[in-house]
Amino acid sequence: MSEQSENTSSENTSKAGGGPQPEPIRFFGTTWVGHDGGYGLRRAGVAAGALAAAVAGCLVLRFAYQGLAIADVGGFVNMLVVGMFAICSAVAFRKTWEGFTRRSTGSAAEDSLRSLKAIGFVGSLLAYFFRALTEAPGEKLRREEYETARSQYEKRRGTRTGNPAARKAKGGKSGRK
């Protein structure tokens, strides 16, 4: 098998034949597998960074709100802006949280929510903060996928005994038993 076809296979296997490799997670790499390499410190850093970014985002939104108050645009517009950011943040939190437990399908509906999630960035940051308190964001999903791939790999490796080329030579004309 050529090296290029190994790299394009659907299952990410190592060249030494060690089976599927874990998918890296942003900020964590593959340290989530064994919780080594500063995993705990990375989780604390991600949680602190997400919370600090959310607080900074809230301060920026407060300055924007104060700008509206100075402009004296009226109570209705102020209420609309606050409601919009609250709803967008709630939607962004929910969609980000769901993204930690299941893969994105890449549908048009999810693409249309991208701008809504950008407006509600505070919700996404809070989702990262709360998830980082218990695990690396997305760890549960990737661990399930990795363990499924490992068990399938072990099952396939367990059913193969010996050298398939040697069985062909012993099996006669058809090469199969």
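Tabulated data for the structure shown
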{"item": "All positions within the range 118-143 that are under 16 Å from the mean Cα position of the chain (by Cα) and closer than 27 Å to Leu61 by Cα", "result": "Ser124, Leu125, Leu126, Ala127, Tyr128, Phe129, Phe130, Arg131, Ala132, Leu133, Pro137"}
{"item": "Qualifying residue in the range 27-36 (condition: open to solvent by less than 50 Å² (accessible area, probe 1.4 Å), modelled with pLDDT under 90 and more than 21 Å from Leu133 (Cβ to Cβ))", "result": "no"}
{"item": "Condition check for Tyr146: closer than 30 Å to Gly38 by Cα and more than 14 Å from the chain's Cα centre (by Cα)", "result": "no"}
{"item": "Subset tally (residues that are in contact (Cβ under 8 Å) with a residue 60 or more places away in the chain and either open to solvent by 50 Å² or more (accessible area, probe 1.4 Å) or over 19 Å from Leu116 (Cα atoms) (or both)) for the range 51-72", "result": "2"}
{"item": "Odd one out for Val60, checked against (1) more than 18 Å from the chain's Cα centre (by Cα); (2) under 20 Å from Ala127 (Cβ atoms); (3) at pLDDT below 90", "result": "(3)"}
{"item": "All positions within the range 51-98 that are touching a helix residue (DSSP H, G or I) at 6+ places or on another chain (Cβ under 6 Å) and among the hydroxyl-bearing types (Ser, Thr, Tyr)", "result": "Ser89, Thr96"}
{"item": "Every residue from the range 116-135 that is closer than 14 Å to Gly49 by Cβ, of a type in the set (A, V, I, L, M) and open to solvent by 30 Å² or more (accessible area, probe 1.4 Å)", "result": "Leu125, Leu126, Leu133"}
{"item": "When residues of the range 73-115 are limited to those that are assigned to a loop (DSSP other than H, G, I, E, B) and in contact (Cβ under 8 Å) with a residue 12 or more places away in the chain, the one farthest from Arg26 (Cα to Cα)", "result": "Leu113"}
{"item": "Residues (over 30 Å from Ala86 (Cβ atoms) and either among the basic types (Lys, Arg) or not in a loop (DSSP other than H, G, I, E, B) (or both)) located in the range 30-54", "result": "Tyr39, Gly40, Leu41, Arg42"}
{"item": "Checking Lys15 against (1) modelled with pLDDT under 85; (2) part of a helix (DSSP H, G or I), the condition it does not meet", "result": "(2)"}
{"item": "Residues (charged (D, E, K, R), closer than 10 Å to Ser124 by Cα and open to solvent by less than 70 Å² (accessible area, probe 1.4 Å)) located in the range 87-103", "result": "Lys95"}
{"item": "Residue in the range 103-114 that is touching a Lys or Arg at 6+ places or on another chain (Cβ under 8 Å), among the aliphatic types (A, V, I, L, M) and at pLDDT 90 or above present", "result": "no"}
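The values are calculated or read from the model by the stated rules, or taken from the named source; none is laboratory data. Everything numeric in this text was worked out from a predicted model, so none of it was measured. All Cβ positions, glycine included, derive from the backbone under ideal geometry; neighbour counts span all protein chains shown. The protein model used for the area step is the full one, side chains on, heavy atoms only, and it has no ligands, DNA or RNA in it. Shrake-Rupley method; radii C 1.70, N 1.55, O 1.52, S 1.80 Å.
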